[in-house]
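Just below is one structure, and these are the notes that go with it.
The values are calculated or read from the model by the stated rules, or taken from the named source; none is laboratory data. Owing to the predicted nature of the structure, the values given are computational and were not obtained by experimental measurement. Counting neighbours? That spans all protein chains shown, and the Cβs are built from the backbone with ideal geometry, glycine included. What goes into the accessible areas is simple: the full protein's heavy atoms, side chains included, and nothing from ligands, DNA or RNA. Shrake-Rupley method; radii C 1.70, N 1.55, O 1.52, S 1.80 Å.
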Amino acid sequence: MTTETKSENSEVQLESELFPVKTHDAQNTIGLVNDAPIATEEPVNEKLMELDTEIFSADETKQVENAIRPAKVKVPSKDLGEAQKGGSSEDGRIIKADPSKNAQTMVSKSPVQLLNRRFVLGEKGEYRRQGEMRVALVDEIEQIRFIDKQMDAFQAGVELAKFKGWEAIEVIGTEKFRSEAWFHARMAGLEVVGYEANDSDLKRLAAAQNIQKLDDKSVEESRIKAINFAIKKGAGLQQTNEEVGCYSGSIMLETDHHFVQDLGRKVAVLHEKKCFDNSELSQALSGRGSLKVQYQSGYGVASKGRDRGHGFSR
């Protein structure tokens, strides 16, 4: 054997020691068959899979969107004559297509305030409570998305839906959210799809509606009392402009839900307290003197005025 051959054998032996050839094992990720790499089955880590499942489920829960959006109104079969204009039948009923309530043509301008200025509008359609940084709900034009699930957030969302002219809404999201959205929408007289109310829901609604009837009766009695007082004083009542009205004058009478303002020249105006912030109104109504009332988009601000004189509205 030549010196060169011995040297080659020594190199091969050294390479074998450093890089031993492993036999094919089912546990390997990559094996060799006819010098070609093949994929082999990896062992299953059950704990890891359980963790992945938990993470996926958590992510799925996070992605659940709670929102309300306009729904087309179903009308009884007897009304098919009027509803035949562009509707589709379903179980002897028809879905009324009303372009003025369609999401594509709905009011896109959001009110700057909701619930007597409890919620204020941000630059991107988001509503926050006065003095809070956290977003409660977002007007996304074609739907109203809820981040906050407190009672006043639902009330504000329903008020916004009615402002948009929605007569019926579809509720989407978790069952708890859909239940609450159904309740507050029904209290406001809106039809609801997307949630099937159970016996407990119906009992809760009936009880709340009975209380609401008593409140409505109290409001009506307050209104009648205020009107009769103005008439007895010989004052004619001017219609209140709750969009852009501005009035100045002293207060003639305050009832539980209203107050009558003297505009001068035997003309008065009737204001509903629900349009004002309670604390601000109470402060403005305390004491004597003239009061200035300014409305903007259904919300009123009352402040002490300097002159009693006549009022005006535009």
Could we say that residue 243 is open to solvent by 60 Å² or more (accessible area, probe 1.4 Å) and free of Cβ contacts under 8 Å to residues at least 12 places away in the same chain here? no
Strands (runs of 3 or more DSSP E) lying entirely in the range 183-302 (those with 2 or more residues that are of a type in the set (A, V, I, L, M) and in contact with a Leu (Cβ under 8 Å, 6 or more places away or on another chain)): 267-272
Residue hits (the range 186-209; in contact (Cβ under 8 Å) with a residue 60 or more places away in the chain and among the acidic types (Asp, Glu)) are 191
Any idea which of 235, 206 is crowded, with 16+ Cβ neighbours inside 10 Å and either in contact with a Gly (Cβ under 7 Å, 6 or more places away or on another chain) or not basic (Lys, Arg) (or both)? 235
Conditions first: (1) surrounded by fewer than 18 Cβ atoms within 10 Å (Cβ to Cβ); (2) outside any strand (DSSP E or B). Residue 120 passes all but one, so which condition is the exception? (2)
Considering (1) farther than 22 Å from residue 136 by Cβ; (2) without any contact (Cβ under 8 Å) to a residue 40 or more places away in the chain, say which one residue 183 fails and leave the rest. (1)
How many residues does the range 162-178 hold that are at pLDDT 95 or above, open to solvent by less than 50 Å² (accessible area, probe 1.4 Å) and not in a strand (DSSP E or B)? 2
Considering only the range 219-228, I want to know if a residue exists there that is within 28 Å of residue 112 (Cα to Cα) and either open to solvent by 40 Å² or more (accessible area, probe 1.4 Å) or within 36 Å of the chain's Cα centre (by Cα) (or both). yes
Does the range 254-266 contain any residue that is under 36 Å from the mean Cα position of the chain (by Cα), surrounded by fewer than 20 Cβ atoms within 10 Å (Cβ to Cβ) and on the phi > 0 side of the Ramachandran plot? no
Considering (1) closer than 24 Å to residue 113 by Cβ; (2) touching a residue at least 40 places away in the same chain (Cβ under 8 Å), say which one residue 283 fails and leave the rest. (2)
Step by step: first the residues of the range 125-134, then only those that are at pLDDT 90 or above and assigned to a loop (DSSP other than H, G, I, E, B), then the one that is most open to solvent (accessible area, probe 1.4 Å). Which residue is that? 133
Within the range 184-203, work out how many residues are over 25 Å from residue 109 (Cα atoms) and surrounded by 19 or more Cβ atoms within 10 Å (Cβ to Cβ). 1
Take the conditions touching a residue at least 24 places away in the same chain (Cβ under 8 Å), under 36 Å from the mean Cα position of the chain (by Cα), within 30 Å of residue 172 (Cβ to Cβ) and surrounded by fewer than 16 Cβ atoms within 10 Å (Cβ to Cβ) and apply them to residue 212. Does it pass? yes
